[in-house]
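J.: For reference, the structure I am asking about is given below.
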Amino acid sequence: MKKILVINGPNINMLGIREPGVYGSVTLADIEKELSSLAKELKIEIEFFQSNHEGEIVEKIQQSLKKVDGIIINPAAFTHTSVAIRDALAAVNIPAIEVHISNVYSREEFRHKSFTAGVCIGQIAGLGIDGYLFALKKLSALLSAAKLSSTH
Ligand code: DQA
């Protein structure tokens, strides 16, 4: 069974409370529940990780080597700042898709730059919770068609 790791960065644990005008009322638990049921349908093993700490995210990505077949990552604010997370993704070379709940390109200019998207297969932004589900469907299709292989 293929395994996909879903990483959420800082303040994603505050969804539901945090800026509902931007992020809606959906919580991280709702996202994980929907992803879990889709993963079951797709016969994919799924693991969730959320951290507010850059180094913990770097370590989680490093530990995924040889254990995970695909990564869905919303690096949140670290998207716009973190060379370290980008380098970790590049180092493990596990196929990854970047997701943003909001349309970062219609927001402040500092959100228009992603350090991490360039080492991902692609990026989904502005589609809310569906972005995670589309990313899971895409990774699952690519992995089962064996169109993608990581270094392990
Ligand atoms: C976000 C967008 C980021 O700019 C922001 O810092 C977040 C959430 C999103 O999912 O829309 O925390 O990644």
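The values are calculated or read from the model by the stated rules, or taken from the named source; none is laboratory data. Everything numeric in this text was worked out from a predicted model, so none of it was measured. Cβ sites come from the backbone with ideal geometry, for glycine too, and all protein chains shown count toward neighbours.
J.: Considering only the range 73-90, I want to know if a residue exists there that is among the acidic types (Asp, Glu) and assigned to a helix (DSSP H, G or I).
T.: Looking through the range 73-90, at least one residue is among the acidic types (Asp, Glu) and assigned to a helix (DSSP H, G or I).
J.: Name the one entry in Gly128, Gly122 that is surrounded by fewer than 18 Cβ atoms within 10 Å (Cβ to Cβ) and over 12 Å from the mean Cα position of the chain (by Cα).
T.: Gly128
J.: Does Leu65 count as surrounded by 14 or more Cβ atoms within 10 Å (Cβ to Cβ), more than 11 Å from the ligand (Cβ to nearest atom), assigned to a loop (DSSP other than H, G, I, E, B) and among the hydrophobic types (A, V, I, L, M, F, W, C)?
T.: yes
J.: Are any of the residues in the range 93-113 crowded, with 21+ Cβ neighbours inside 10 Å, of a type in the set (A, V, I, L, M, F, W, C), more than 15 Å from Asp130 (Cα to Cα) and touching a Leu at 6+ places or on another chain (Cβ under 9 Å)?
T.: yes
J.: Go through (1) touching a Lys or Arg at 6+ places or on another chain (Cβ under 7 Å); (2) within 17 Å of Ile4 (Cα to Cα); (3) not small (Gly, Ala, Ser) and name the single condition Thr116 misses.
T.: Looking at each condition in turn, Thr116 falls short on (2).
J.: Since Lys113 meets every condition but one in (1) assigned to a loop (DSSP other than H, G, I, E, B); (2) under 16 Å from the mean Cα position of the chain (by Cα); (3) within 16 Å of the ligand (Cβ to nearest atom), which condition does it not meet?
T.: Against the list (1) assigned to a loop (DSSP other than H, G, I, E, B); (2) under 16 Å from the mean Cα position of the chain (by Cα); (3) within 16 Å of the ligand (Cβ to nearest atom), Lys113 comes up short only on (2).
J.: Ok, one more. Would you be able to tell me the number of residues in the range 99-110 that are near the ligand (Cβ under 9 Å from one of its atoms) and not in a loop (DSSP other than H, G, I, E, B)?
T.: Number of matching residues: 4.
J.: Further, regarding this structure: Among what's in the range 66-109 and is among the hydrophobic types (A, V, I, L, M, F, W, C) and under 13 Å from Ile124 (Cβ atoms), pick the residue that is farthest from the chain's Cα centre (by Cα).
T.: Val104
J.: With the requirement that a residue be surrounded by fewer than 17 Cβ atoms within 10 Å (Cβ to Cβ) and not in a helix (DSSP H, G or I), what does the range 28-51 give you?
T.: Lys43, Glu45, Glu47, Phe48 - these are the residues of the range 28-51 that are surrounded by fewer than 17 Cβ atoms within 10 Å (Cβ to Cβ) and not in a helix (DSSP H, G or I).
J.: Output the number of residues of the range 5-33 satisfying the condition of being at pLDDT 95 or above and away from the ligand (no atom under 13 Å from the Cβ).
T.: Residues that pass the stated criteria total 6.
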